[in-house]
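One structure below.
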Amino acid sequence: MNGPVLVAFDGTPAAEHALSWAAAAAVRRGCELVVARTTWWPITLEPALPAVCLVPEARVDHAVEQAVAAWPALRVSGAESGGTAELLAIGAPLDSSLIVAPACAQVPWRALLRGVGRPLAFAGSRCGPVVSEMRSRQAHLGTLALAFDLARSGGADLHVLHTAAIRHRACSADLAGFAVSALADWLVSCPDVAITYRLATSSRIQALKHSVRSGGVLLPAP
């Protein structure tokens, strides 16, 4: 997709890092960056009331100025989002090619994962590996292509995080075999990308959150 990269910005240090990461991704793709200043209003109470205070515009402007200073070719526009639902609603008409959120505790992981319907990335707090999720016996080619591209362009390692329902984890050898088969062509075409594999033994959300605590970027499977 050639649509813009949409990044959620709530004014936290984690969001500043996510904006910087999203800016670099937009420049690599030759597309626009849309910065949505937001607050993570509880999903059960959305849409947010008009009185809800979003991050101050001056904070957004400062973060954008830093991103443009690092990437002079960056094209930026803004939007306002009162919560998760509004953020996803912004991405749909824009036909955004990627939605970026900071990987921190206050971000509604479950709501984003359930409702996104398009490529999603959680940017960690520092540089690190690219983590790509594989779910059970499903290989999502778009997610893998993005993961290998990010790892190769950034000189980073690629960690494949394999999540599965509890009833499927007992067949760990079968799941690992599926992963090797799904990655075979990538291993040949991208020999310069160092790959590690892990089958998650905890719940999906816990495994995803844990995977980016040390930094890097997480690409959940659709």
Check your understanding: Filter the range 38-64 for residues that are open to solvent by 40 Å² or more (accessible area, probe 1.4 Å) and in contact with a Phe, Trp or Tyr (Cβ under 9 Å, 6 or more places away or on another chain); which is modelled with the highest pLDDT?
Key -> Arg59
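Which residues, taken from the range 157-174, are surrounded by fewer than 19 Cβ atoms within 10 Å (Cβ to Cβ) and either more than 25 Å from Leu120 (Cβ to Cβ) or modelled with pLDDT under 90 (or both)?
Scanning the range 157-174 gives Ala165, Ile166, Arg167, His168, Arg169, Ala170, Cys171, Ser172, Ala173, Asp174.
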Exercise for review: Select from the range 121-145 the residues that are open to solvent by 30 Å² or more (accessible area, probe 1.4 Å) and either of a type in the set (A, V, I, L, M, F, W, C) or part of a helix (DSSP H, G or I) (or both) and list them in ascending order.
Suggested key: Cys127, Ala139, Leu141, Gly142, Ala145
Check your understanding: Looking at Gly82, Gly3, Gly78, Gly30, which one is touching an Asp or Glu at 6+ places or on another chain (Cβ under 6 Å) and modelled with pLDDT under 95?
Key -> Gly3
Study note, to complete from the structure: Of the residues in the range 65-115, those that are in contact (Cβ under 8 Å) with a residue 60 or more places away in the chain, β-branched (Val, Ile, Thr) and either open to solvent by 10 Å² or more (accessible area, probe 1.4 Å) or more than 21 Å from Val212 (Cβ to Cβ) (or both) come to Ile90
**Study point:** Cβ pairs under 6 Å, 6+ apart, first in the range 125-146 and modelled with pLDDT under 90, second in a loop (DSSP other than H, G, I, E, B) and open to solvent by 70 Å² or more (accessible area, probe 1.4 Å)
**Key:** Gly128/Ser214; His140/Pro222
Exercise for review: Could you grab me the full set of residues in the range 127-177 that are farther than 21 Å from Gln206 by Cα and of a type in the set (Ser, Thr, Tyr)?
Suggested key: Ser153
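The values are calculated or read from the model by the stated rules, or taken from the named source; none is laboratory data. Values in this document were obtained by computation on a predicted structure and should not be read as measured data. A quick note on method: Cβ atoms are made from the backbone with ideal geometry, for glycine too, and the neighbour counts reach across all protein chains shown. What goes into the accessible areas is simple: the full protein's heavy atoms, side chains included, and nothing from ligands, DNA or RNA. Shrake-Rupley method; radii C 1.70, N 1.55, O 1.52, S 1.80 Å.
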